[in-house]
1. Looking at the structure I just gave you, is residue A:429 surrounded by fewer than 23 Cβ atoms within 10 Å (Cβ to Cβ), more than 15 Å from residue B:502 (Cβ to Cβ) and at pLDDT below 95?
2. Any residue at all in segment A:231-242 that's more than 18 Å from residue A:473 (Cα to Cα), in a helix (DSSP H, G or I) and assigned by TED's automatic domain parsing to the domain that holds residue A:39?
3. Go through A:287, A:332 for me and flag whichever is in contact with a strand residue (DSSP E or B) (Cβ under 6 Å, 6 or more places away or on another chain), within 30 Å of residue A:368 (Cα to Cα) and either outside the structural domain of residue A:444 (by TED's automatic domain parsing) or buried (at least 20 other Cβ atoms within 10 Å of the Cβ) (or both).
4. Those residues that are assigned to a helix (DSSP H, G or I) and within 21 Å of the chain's Cα centre (by Cα), I need them from segment A:200-220; list them, please.
5. I'm checking my understanding of the structure. Among residues of segment B:482-524 that are facing chain A (nearest Cβ under 7 Å) and either in a helix (DSSP H, G or I) or modelled with pLDDT under 95 (or both), which one is surrounded by the fewest Cβ atoms within 10 Å (Cβ to Cβ)?
6. In segment A:372-409, which residues are within 30 Å of residue A:28 (Cβ to Cβ) and either out of contact with any strand residue (DSSP E or B) (no Cβ under 6 Å at 6 or more places or on another chain) or outside any strand (DSSP E or B) (or both)?
7. Check residue A:94 against each of (1) assigned to a helix (DSSP H, G or I); (2) surrounded by 24 or more Cβ atoms within 10 Å (Cβ to Cβ); (3) more than 9 Å from chain B (Cβ to nearest Cβ) and name the one condition it does not meet.
8. Against the definition (surrounded by 24 or more Cβ atoms within 10 Å (Cβ to Cβ) and touching a helix residue (DSSP H, G or I) at 6+ places or on another chain (Cβ under 9 Å)), how does residue A:210 come out, yes or no?
C-alpha cells in the first residue's frame, strides 16, 4: 500500500494542508517519507460527526456481527503483510521478532473481545419481574442492560506501535462495547498508523457498517488532541502515555461543559520486593531475571521495574553487586524516539547527581538514540525525602533501595504513589512479611505478582493493567484484558416496556442465550 | 436520645466550637433547638484519619460479617423509635406516612446490600489458570477480584432525610463495598442526621468494627464539604443535590493532586411523552396520574416530571385543559427548607415571564413555605431557543411543550440535556413512534418508562437512578439499587500467588461459594 500521509475520515481521506511532518527512523537517525499533513479543526468535526451518525446503528448491531467485525479487523491487519512490520521497524527502532509478536497480540486481543461479545456477560442483563400483588405497593417490571457510552477518542501510545495504538487495546475495547472510535495517531509511527487505520477502514466496509465507526487523525502538536477531547460528540477518552500528557487531557475533559471520563494509563515505577528468604536462596537467579526484565525492549514498558526494595544487609549488598555486574554486560538499545531518548538521558543524569545515590552498574555505552542500561542504589531515607527519586524515568534504569528494617520497608511502601504493579520475590519463609505487605500493596497497585516480573502483560480475563493515580487516571478500570470493555459501557433501565420494544438482551425469551440476572440471581 | 448538636468522630463526639446553627421547622416557620456546632478542620482530619486506619481491616472482614453489620444498622435505626420520625417531620415538613415509608425503604436498602454481599457477584472473581505448556510463552496464573476503593465522603440530600441521607443509598453502597464512610450531614435536618448517625455508631460498636468505619460531620457553609473532598484520605464522593453544588464538588475533586471520582446526582426535568394513540384513548386518566406524580411530596423528587411533550392538536389541547384544571384542585404543600421555597418561587416567576409561556393552571394558593402546584405550556420553538425553559425548577411545576410534528418532537428530544428518566405514555398504535424515540432516549437518560410515572424509584437490582450529565456526574453508575456497589470498588490482579496468600474469593476451593469466572466462563 502507498502511505498517503493523510488522515482517514470515515471512508475517505482528509485533504488537510495542516502542518507537515515526517516519520523518524531512530536506528538510522533520519527522517523518512512521505510527508504527513496534520488534521485540522474541520477534520476533527467531520470525524466526530460521522462517529455520532454511526453510533445508534453500530451500538445495536448484533453482538455476533460486532464479534465478526473485530475478527475481520485482525484479518485485514494480517493481510497488510510484511509491509506493516517493515514500516513499524523503521518508525520505532523495535526488532522484527518483537513487532511480529506484537501483531499477534493485537489480533489475539481483537479475538478475545469477539469471544467476550459472544459470551454476553458484558450486557449485565438484569430483570426484576413485576410483582402486582406486592404490598403496600405493587412492583413494576424493571430491566437493566449496558449500552455503549458514545464516540470515543483514543490516543495511540508510542511504545506499542501495534498493540496499544490504532487497533490496540483501547480501540478494541471501545469497538467491542459498540462505540465508534476516533483515533489520534501517535506522531512517532504515522505510517504504521495509516496502514493499520486502512485495515480497519477496509473491515468497516467489508462488514457493511456505517463509515463513521472509525476515523484516524494524524498530526503533531497538542492542538489536535485537545480539539478532539473538547468535541461535544466525544463521550470518553482512552490514552496511554506520559503523566504530563495524561493529566493535561484530564484537565481538558474536566473543563468541558459536559465533563467526560478519561482513561489515561500514565506513570509507574513498579517496585520489586526482594524478601529475605528468597534473597538468601536465589540472589543470582533473581538478579539475572530482574536485569532481563529491566532492560527488555530498552526498558520502554509501562511495567518496567524501576524500583527494587529490600532489607539492608549482606544479602542485599550481594544482590546489588550481582545485578550491577549483570547490567554492565547488557547492550545499549535504540529507543523509540529522539524525545524519549533525550528524556531518558536527562532522567538518568538527574538521578546520578542526587545526594546518597550511587551507581551500581551501567551497560555498554550508547550510540545514536540508544539507551544505556543503568542501575543505581540509595537509602530509604533519601527515597522518602527526595521526590525526584520517585519519578518515572522511561527506559532501562532502576533504583535499589536498602531499608533498615521491616518498619522502614512498610513506610517506603506507604510513601509510594499509585502503581500498575508490585512484585514480591519470596520463598516459603517470607510469607509472614508478604502478609503484612499485601494489604498495603492492594491499596497502591493494580497487579501483585509473586516470583514473576511485571513486564509481560497477559491479555486475558483476569488481567488488571491499571491502578491508583498516577498509574492511571481511573483505578476502577483496566486498559488490558477483557474487563476493559466496561470502560465504555453505561447502564440503562427499562420500566414496564412491552417485550417487542425491549432490546434482545432483556427479552424473556433470551434470544441471545446470555446470562440474565433475575431478581438478583444469575441464570440463562 | 438527647441530640447533642456535635459531630460524631468515630466512636466519639467532636468538641468543636465552629459556627453555630439550628434546625428549622418549615411548617411552623421557626428554628428548633438544640444548637449545632459546625465541624472544623481538625474534625475533618480526625474523621478521615480514623477512616483510613479502619480501612484495611474493614474491607477484609467476611462478606457475611459485613452483611450482618448492614442489617444491624437497620435494626439500630428502627430502635430509635418514633423520636426519629417526629424529629424528621419537624425538620423537613414531610408527613408521618412518608417518613415512616422512607424509614422502611432505608432499612430495605441496607438489607438489599446485605443480600448482594452474600450472593458474591460483586467480587467479580476471575481466574485464568496457568498454562505452563503454552507456546511461544507459558501462561502464568492470574486472578482478579474487586476491592474497596477507600474512605468515601457522602453528602446527605435535603429531600430524603432518611433514604438519601446519613444511612441512605450512598452510605449503604459504600459500606457494602468495604469502604469507611465520612458523612457530611445536610444542614436542613441535623437532628435527624445525628440520631441516624448514632444508630450507625452503635452498630459499629455492636459489630466490634474499628470506630473509623463511620463518622458524621455536621455544619453549615461550603467550607466543611470542600475540606472533606480535599482530604487526601478520601477516595470517592457521593452527593445528591443541586447542579451547582455537584459541579462545585466535581471541580474540587478534579483539582486535587490525586483526582478522585465524584458520583453526583444533580439535575433532571424527566420528560413525559404523550404519544398520539394513548392521548386519544386515555387523556383523562393520564392527566390525573401525571398531576399526582408532579405534585407528590411538593414536587421535591429528582424524578419529578418537569416536562410534558406531545404533538400539537386537539388531543394535546384537551389534555392541557384537563391537566390545568386538575392542578388547580391540588393543595399547596410545605417545602423542605426556606431556601428551596425561595428558589421555587423564583423559578416559577422566571418561567411565567418568558415569551410564549402560558399558565395552564395553578393550585391552591400557598402560605408560609408552601409551594403552589403550577403548570405552564409553551411551543417547541420557544423551548429550543430559550435555555431557561430547560433548567430544573425543584418543586411541583411542569411545562408542556406542543411539537408541530414528529420531526420537531425528535428535535426537542435531541436538544435535551442528560436526564434521570424519560416516560412514554403509549398504546399499541404508538409503537412505531416509540421505536424512533427509544434510541434517542437511551442516549439521553438512565431509565425509560412506559405507562408509569418516574416518581417512585424501586430499590432493586435492575434500577438505574443515573444518567448523562447534568443528571449525574458519571453516567456509568447508579445511585439507587444493588448495582450502586460497583461505584466503590476497583479491580486488583494477583499473579502467581500461592493459594494461602490469595483472598478467599480467588482460592480454588472457593470457600465463599461465589461465582468465579474461569477462563472467561462463569461457574461456582
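The values are calculated or read from the model by the stated rules, or taken from the named source; none is laboratory data. On a predicted model such as this, the values are computed, not experimentally measured, just so you know. As a convention, Cβ positions derive from the backbone with ideal geometry for all residues, glycine included, and neighbour counts pool all protein chains shown.
1. Spelling it out, it is not the case that residue A:429 is surrounded by fewer than 23 Cβ atoms within 10 Å (Cβ to Cβ), more than 15 Å from residue B:502 (Cβ to Cβ) and at pLDDT below 95.
2. No, the conditions are met nowhere in segment A:231-242.
3. Just a single option satisfies the conditions, and that option is A:332.
4. Hit for segment A:200-220 is A:200, nothing else.
5. Filtering segment B:482-524 for residues that are facing chain A (nearest Cβ under 7 Å) and either in a helix (DSSP H, G or I) or modelled with pLDDT under 95 (or both), the one surrounded by the fewest Cβ atoms within 10 Å (Cβ to Cβ) comes out as B:501.
6. If the condition is that a residue be within 30 Å of residue A:28 (Cβ to Cβ) and either out of contact with any strand residue (DSSP E or B) (no Cβ under 6 Å at 6 or more places or on another chain) or outside any strand (DSSP E or B) (or both), then A:372, A:373, A:392, A:393, A:394, A:395, A:396 are the ones that fit.
7. Status for residue A:94: all satisfied but (1).
8. no
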